[in-house]
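K.L.:
My structure is below; once you've seen it, I'll send some questions.
Every read-out reported here was derived from the displayed coordinates using simple, explicitly stated rules and does not represent laboratory data. Predicted, not measured: the structure shown is a model, and the values here were computed from it. All Cβ positions, even for glycine, are placed from backbone atoms using ideal geometry, and neighbour counts span all protein chains on display.
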Amino acid sequence: MSSEQLLILALLAAAFAAGWFARGGRAEGAGAKGDGEGEGDRESAVEPAVEPGAPDPGALVAEADDELRRALTAARAARAMAIGAGGGDAAATRVALAVLDQRLVELERCADRLEDARGDEDRAFAAFDRAVSGLAALRRRVDADAALDEVEAAQAEWQRATRGP
């Protein structure tokens, strides 16, 4: 196995681990409370009712948090590959950017759902949208410090807006 292949394998493993930990160790689509066996009656008694067919605003915020966290992890990894020791390895940089591209697609889908649920005038949505735009700018110029700083500032504003005072 060449050093390039080993580097790519390590990068893919890191991206997988970041996604896994961002979901709290759950598989895609799994609920945060476990598999639900033996818990249904107790949990349904305390959870607020949501109209059938209406998106759960808390679940959407949690999903947006996870998507943003995963996209930032991918952006940091791509940036590290572009400016760090792996910067000379074009294959590793391409893989890191491909992971970032995938995260951006997922993040933009989530932003669309968030805009539909909250409206484009919502403070939290505006912060999330700035983070998405910043990540897109970072993708175009992966070695720029200012783009990452802007995304982190937008993420902090998103956290303040969704967590309340």
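K.L.:
At most 11 other Cβ atoms within 10 Å and a DSSP loop assignment: could you name the GluC sites (Glu not before Pro) in the range 78-165 that fit?
P.N.:
Here the sparse-neighbourhood loop sites are Glu121.
K.L.:
May I ask for the distance between the Cα centers of the range 134-155 and the range 59-81, given as a whole number of Å?
P.N.:
Each part reduced to its Cα centre gives a spacing of 12 Å.
K.L.:
Here's another thing I want to ask about it. Could you check the spin-label model distance between Ala14 and Asp143? Points 7 Å from the Cα along Cα→Cβ, value in nm.
P.N.:
With each label point 7 Å from Cα toward Cβ, the separation is 1.8 nm.
K.L.:
Using a basic spin-label model with each label point 7 Å from the Cα along Cα→Cβ, how many nm lie between Ile83 and Glu152?
P.N.:
In this crude spin-label approximation the distance works out to 1.0 nm.
K.L.:
Still on this structure, I have one more. Could you check the spin-label model distance between Glu115 and Ala62? Points 7 Å from the Cα along Cα→Cβ, value in nm.
P.N.:
Placing both labels 7 Å along Cα→Cβ, they lie 2.6 nm apart.
K.L.:
Same structure, new question: In percent, what relative contact order does the range 79-165 have, based on Cα pairs under 8 Å that are 6 or more apart in sequence?
P.N.:
With pairs under 8 Å counted, the relative contact order is 26 percent.
K.L.:
If a/c stays under 1.5 just call it rounded; otherwise compare a/b with b/c (prolate if a/b is bigger, oblate if not). Do that for the range 96-165, with a ≥ b ≥ c from the square roots of the Cα gyration tensor eigenvalues.
P.N.:
On the way: a/c = 2.55, a/b = 1.45, b/c = 1.76.
Oblate, because a/c is 1.5 or more while a/b does not exceed b/c.
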